[in-house]
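The values are calculated or read from the model by the stated rules, or taken from the named source; none is laboratory data. Source: prediction; values computed, not measured. Don't worry about glycine lacking a Cβ; one is built from the backbone with ideal geometry, like all the others, and counts go over all protein chains shown.
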Amino acid sequence: AAAPSDSPTIFDKIINKQIPANIVYEDEQVLAFRDIAPQAPTHILIIPKLRDGLIGISTAEERHCEILGRLLYTAKLVAKQEGLKDGFRIVINDGPNGCQSVYHLHIHLLGGRQMNWPPG
Ligand code: 5GP
């Protein structure tokens, strides 16, 4: 597991279209694209275009409440777009114990198969 850092990440390059990504949703504030190493038939990452200190959910401040809500709502929109009518899972990994590897807040949207609980 990587140590938390406020340095630019690979997601900045995706946001700036410097490296390709399979983008499934985009607006002024939010970008959603397919995970390069999918853990389910549908595996999409939903991120704020402006990181603004959100290296993970643990660094959220009150000023982030609006974008945090927008990210969750985008997860719902993309789940519908992907046809995940039997359900799905959203996950936020945080820090080393949470297996976070990219320090730019992102929501994982996973679906298209039965998920397990507890996740382990
Ligand atoms: P984390 O482990 O931080 O919660 O999730 C980071 C996710 O980003 C991983 O699922 C990983 O596969 C994905 N990822 C890392 N680098 C890239 C990339 O360059 N492109 C895409 N599309 N996904 C990436």
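With the condition kept exactly as written, say whether any residue in region 76-86 is closer than 15 Å to Pro38 by Cα and either touching a residue at least 60 places away in the same chain (Cβ under 8 Å) or touching a helix residue (DSSP H, G or I) at 6+ places or on another chain (Cβ under 7 Å) (or both). Within region 76-86, none of the residues are closer than 15 Å to Pro38 by Cα and either touching a residue at least 60 places away in the same chain (Cβ under 8 Å) or touching a helix residue (DSSP H, G or I) at 6+ places or on another chain (Cβ under 7 Å) (or both). Does region 68-79 include one or more residues that are among the hydroxyl-bearing types (Ser, Thr, Tyr), over 20 Å from Asp6 (Cβ atoms) and out of contact with any Asp or Glu (no Cβ under 7 Å at 6 or more places or on another chain)? Yes, that holds for at least one residue. For region 88-101, filtering for residues that are surrounded by fewer than 18 Cβ atoms within 10 Å (Cβ to Cβ) and over 17 Å from Ala75 (Cβ atoms) leaves 6. Give all pairs with beta carbons closer than 6 Å in which a residue from region 88-106 that is of a type in the set (A, V, I, L, M) meets a residue that is within 7 Å of the ligand (Cβ to nearest atom); count only pairs at least 6 apart in sequence or on separate chains. Note: pairs meeting the criteria are Val91/His108.
Taking the options Gly120, Gly56, name whichever one is closer than 23 Å to Ser5 by Cα and either more than 12 Å from the chain's Cα centre (by Cα) or at pLDDT 95 or above (or both).
After ruling out the rest, the residue left standing is Gly56.
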